[in-house]
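I'd like to ask you about the structure that follows.
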Amino acid sequence: MSVQEIVKYGDPRLRKKCATVEDFKILPDIVNEMYDSMYEADGIGLAANQIGYDLNLFIIDITHTEEADEPAEFVNGEIVDSRGESAFSEGCLSVPGVEFEIKRPEFVTLKYQKLDGSKHKTEFGGLYARAIQHEMDHLNGILIIDRVSSVAKLPYKTQLKDIKERAEINYSEIKNISGAAVL
């Protein structure tokens with residue numbers, strides 16, 4: 001497949017709630033693009049809208065930890081329960097070079113489908129739960145910068161402004177070339 005450019009903070013495609021997947025036949029190629037793009041960017045998770053697809057779809061690969069044996073794909077995910085709380089420093093491929101301490105539930109129960117359309121409901125904890133919540137935020141138009149105070153963002157003020165401005169220009173160029181928005 002191919003590596004796609006990661007959509008950055010400032011691009012309006014990241015602020016839209018993603019559509020429910022109905023055609024599962026299109027997913028294998030998209031998922032391959034997502035893995036290629038995520039690995040190229042040294043990420044552990046990626047939501048479909050981060051490479052321009054308006055789909056409730058995300059992938060996670062934390063096989064470098066003891067929490068997972070293989071990468072996983074999640075379609076039409078919905079967090080239906082959560083418990084506990086932990087704080088952890090999070091970065092984001094769409095907001096490169098920026099990290100924030102973010103409080104999230106320690107455990108989440110996710111209702112989702114696999115690529116074959118089968119339905120599942122599973123509880124996840126630790127890094128897996130954190131990654132799921134981070135990617136679900138993306139699918140709902142939420143970024144890590146929305147999870148912290150203005151004071152926490154101050155050290156990154158110039159960097160965030162630059163990322164946002166470049167992303168807005170890039171999106172305008174894409175929109176002008178295609179004649180319409182990508183999503």
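Quick note: the coordinates plus some simple rules give every number you see, no bench work behind them. Keep in mind the model is a prediction, meaning the values are calculated, not measured. Cβ atoms come from the backbone with ideal geometry, glycine included; neighbour counts cover every protein chain shown.
Go through (1) on the phi > 0 side of the Ramachandran plot; (2) more than 17 Å from the chain's Cα centre (by Cα); (3) not aromatic (Phe, Trp, Tyr) and name the single condition LYS121 misses.
(1)
Of the conditions (1) free of Cβ contacts under 8 Å to residues at least 24 places away in the same chain; (2) of a type outside the set (A, V, I, L, M, F, W, C); (3) over 21 Å from ASN76 (Cα atoms); (4) in contact with a helix residue (DSSP H, G or I) (Cβ under 9 Å, 6 or more places away or on another chain), SER89 clears all except one; give me its number.
The single condition SER89 does not satisfy is (4).
Take the residues of the stretch 51-96 that are of a type in the set (Val, Ile, Thr) and assigned to a strand (DSSP E or B): which is farthest from ALA167 (Cα to Cα)? Let's see the steps before the verdict.
First, the residues of the stretch 51-96 that are of a type in the set (Val, Ile, Thr): 51, 59-60, 62-63, 65, 75, 79-80, 95.
Next, from what is left, pick out any that are assigned to a strand (DSSP E or B): 59-60, 75, 79-80, 95.
Numbers: ILE59: 23, ILE60: 24, VAL75: 27, ILE79: 29, VAL80: 33, VAL95: 10 Å.
The qualifying residue farthest from ALA167 (Cα to Cα) is VAL80.
Residue by residue, here is whether (1) within 21 Å of ARG15 (Cβ to Cβ); (2) in contact (Cβ under 8 Å) with a residue 24 or more places away in the chain; (3) of a type in the set (A, V, I, L, M); (4) not in a strand (DSSP E or B) holds:
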{"residue": "VAL98", "(1), (2), (3), (4)": "yes, yes, yes, no"}
{"residue": "THR109", "(1), (2), (3), (4)": "no, yes, no, no"}
{"residue": "ASP116", "(1), (2), (3), (4)": "no, yes, no, yes"}
{"residue": "LYS121", "(1), (2), (3), (4)": "no, yes, no, no"}
{"residue": "PHE124", "(1), (2), (3), (4)": "no, no, no, no"}
{"residue": "ARG130", "(1), (2), (3), (4)": "no, yes, no, yes"}
{"residue": "LEU160", "(1), (2), (3), (4)": "yes, yes, yes, yes"}
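Taking the stretch 132-158, which residues are assigned to a helix (DSSP H, G or I) and within 17 Å of the chain's Cα centre (by Cα)? First the steps, then the outcome.
Within the stretch 132-158, the first condition is being assigned to a helix (DSSP H, G or I), and the residues that meet it are 132-139, 144-147, 150-158.
Passing the criteria: ILE132, GLN133, HIS134, GLU135, MET136, ASP137, HIS138, LEU139, ILE144, ILE145, ASP146, ARG147.
Scan the stretch 103-117 residue by residue and report those that are within 17 Å of PHE58 (Cβ to Cβ) and of a type outside the set (Asp, Glu). If you could, list the steps in order and put the result at the bottom.
If we filter the stretch 103-117 for residues that are within 17 Å of PHE58 (Cβ to Cβ), which is where we start, we get 104, 108-117.
Matches in the stretch 103-117: ARG104, VAL108, THR109, LEU110, LYS111, TYR112, GLN113, LYS114, LEU115, GLY117.
I would also like to ask the following. What number of residues in the stretch 41-94 are surrounded by 19 or more Cβ atoms within 10 Å (Cβ to Cβ) and either polar (S, T, N, Q) or in contact with a Gly (Cβ under 6 Å, 6 or more places away or on another chain) (or both)?
7
Within the stretch 162-177, count every residue that is in contact (Cβ under 8 Å) with a residue 12 or more places away in the chain and either surrounded by 14 or more Cβ atoms within 10 Å (Cβ to Cβ) or more than 18 Å from ARG13 (Cα to Cα) (or both). Steps first, answer last, please.
Filtering the stretch 162-177 down to residues in contact (Cβ under 8 Å) with a residue 12 or more places away in the chain leaves 163-168, 170-171.
Next cut, either surrounded by 14 or more Cβ atoms within 10 Å (Cβ to Cβ) or more than 18 Å from ARG13 (Cα to Cα) (or both) only: 163-164, 166-168, 170-171.
Residues meeting the conditions: 7.
Report every pair of residues separated by at least 6 positions or lying on different chains whose Cβ atoms are under 6 Å apart, first residue within the stretch 135-154 and within 29 Å of VAL75 (Cβ to Cβ), second loosely packed, with under 13 Cβ neighbours inside 10 Å and not hydroxyl-bearing (Ser, Thr, Tyr).
Cβ pairs passing all conditions: ASN140/LYS17; GLY141/LYS17.
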